[in-house]
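A short worksheet on the structure shown next.
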Amino acid sequence: MVLYVGVDVGGTKVLAGEVTRAGVVLRTARRTTPGRRVSVESVEDALTAAVLDVAGGRRIAGVGLAAAGFVDAAGERVMFAPHLPWAGEPVRERLSRRWGAPVALDNDANCAAVAESAYGAARGASSALVVTLGTGIGGSYVLGGEVVRGAQGMAGEFGHMRLVPDGRACECGMAGCWEQYCSGNALVRLARKQMAVEPTVLTEMCDGRPDRLTGPMVTAAAESGDLVARQAYAAVGDWLGIGLGALTSALDPEVVVVGGGVSAAGDRLLDPARVALARSLVGAAHRQPPRLVAARLGPEAGIVGAALLARAARWSGSARAALAGRSAVPATRVAAERGDYRAGVRGPRRRRPGRGARGSW
Ligand SMILES: [Zn+2]
């Protein structure tokens, strides 16, 4: 079988996986992300070790990289990554030379969106807004199967839309950004604040140490009926709907997919978001709000999408051109290849982690 590997280069870990044409992850390998204050080579060594682990001596047909950072519009360089030493590095070319295989590179949120569009919750939709709630907000807008990247590749930074003038200070240097109110961090902050004034199981869960409270704890507490945790989810869900209302006014997507650790709570998060979204839509009496659904691919969405980009690049030399139908090879050939992915009968294998088991955000 032709071997394609997807690699998710995150802030804390590197996850590599063999991904089939139908989007099924067959085997994975992981390494710890070396950090930001290290050499570029040591990050490349970690990626190489994970990729070689997955390959197990077999020839690699292509590797897709999903990087947590800004990737230029051409898919050649990582311009900036908060947890990695990459700053304008020509990552695609360097690793392609080192591995002797074609490499495709994109931002992790874009890769996850590509995967949800091809195999997951947005499959078959003509336009999809994919939002990932982790420590912050990741996002991507997919139109006609193509990620909308913007002129410099920096579209989709929805988390830094300013929703509250003079609001909470954000790590980005601005204030009132959406992710300050709607994210794993916001959820934990809300629960922590309320712990001080209301009895809650969260106090016991974090051994009376609010600084040890995590997102998965709040998710588990909400599931067990804890009011403080449920109120925190309701507030974050409300902000989710408000932000999605603004995005829907701008983009009018067919479907909105919400993923990330916070989305493990399912309708507990999405129901208040649906109400707030419908309320904040312009022309609400004369339109349907977009379908608002939970992501289906889980934490492996990044590697599935990255591998799909690598597979598409095989035909065109450019994953992006292939997905956009602008490739140098006949369009029918690319379409056939794409059709194959989409026609995959089996969905991606999903290891359903238990609630609250998606790690810390
Ligand atoms: Zn911000």
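Out of all the residues in the range 177-202, which are among the acidic types (Asp, Glu) and within 16 Å of the ligand (Cβ to nearest atom)?
The answer is Glu179, and nothing else.
Among the numbered conditions (1) in contact with a Leu (Cβ under 9 Å, 6 or more places away or on another chain); (2) at pLDDT 95 or above, tell me where Val148 comes up short.
Status for Val148: all satisfied but (2).
Can you run down the residue pairs with Cβ atoms below 8 Å, 6 or more apart or on separate chains, where the first is in the range 157-176 and assigned by TED's automatic domain parsing to the domain that holds Leu129 and near the ligand (Cβ under 9 Å from one of its atoms) and the partner is hydroxyl-bearing (Ser, Thr, Tyr) and part of a loop (DSSP other than H, G, I, E, B)?
Listed pairs, sorted by first residue: Gly159/Ser183.
Kindly check whether there is at least one residue in the range 204-222 that is without any contact (Cβ under 8 Å) to a residue 40 or more places away in the chain and in contact with a Ser or Thr (Cβ under 6 Å, 6 or more places away or on another chain).
No, the range 204-222 has no match at all.
Scan the strands (runs of 3 or more DSSP E) fully inside the range 8-119 and keep the ones with 3 or more residues being under 23 Å from Ala151 (Cβ atoms).
60-67, 78-80, 103-107
Can you tell which of Ala87, Ala104, Ala128 is modelled with pLDDT of 95 or more, more than 16 Å from the ligand (Cβ to nearest atom), among the small types (Gly, Ala, Ser) and in the same structural domain as Val43 (by TED's automatic domain parsing)?
Of Ala87, Ala104, Ala128, the one residue that is modelled with pLDDT of 95 or more, more than 16 Å from the ligand (Cβ to nearest atom), among the small types (Gly, Ala, Ser) and in the same structural domain as Val43 (by TED's automatic domain parsing) is Ala104.
Residue check, Tyr119 against (1) within 17 Å of Gly10 (Cβ to Cβ); (2) more than 13 Å from the ligand (Cβ to nearest atom), all met but one. Which one?
(1)
The values are calculated or read from the model by the stated rules, or taken from the named source; none is laboratory data. Just so it is clear, the structure is predicted and the values come from calculations on it, not from any experiment. Cβ atoms come from the backbone with ideal geometry, glycine included; neighbour counts cover every protein chain shown.
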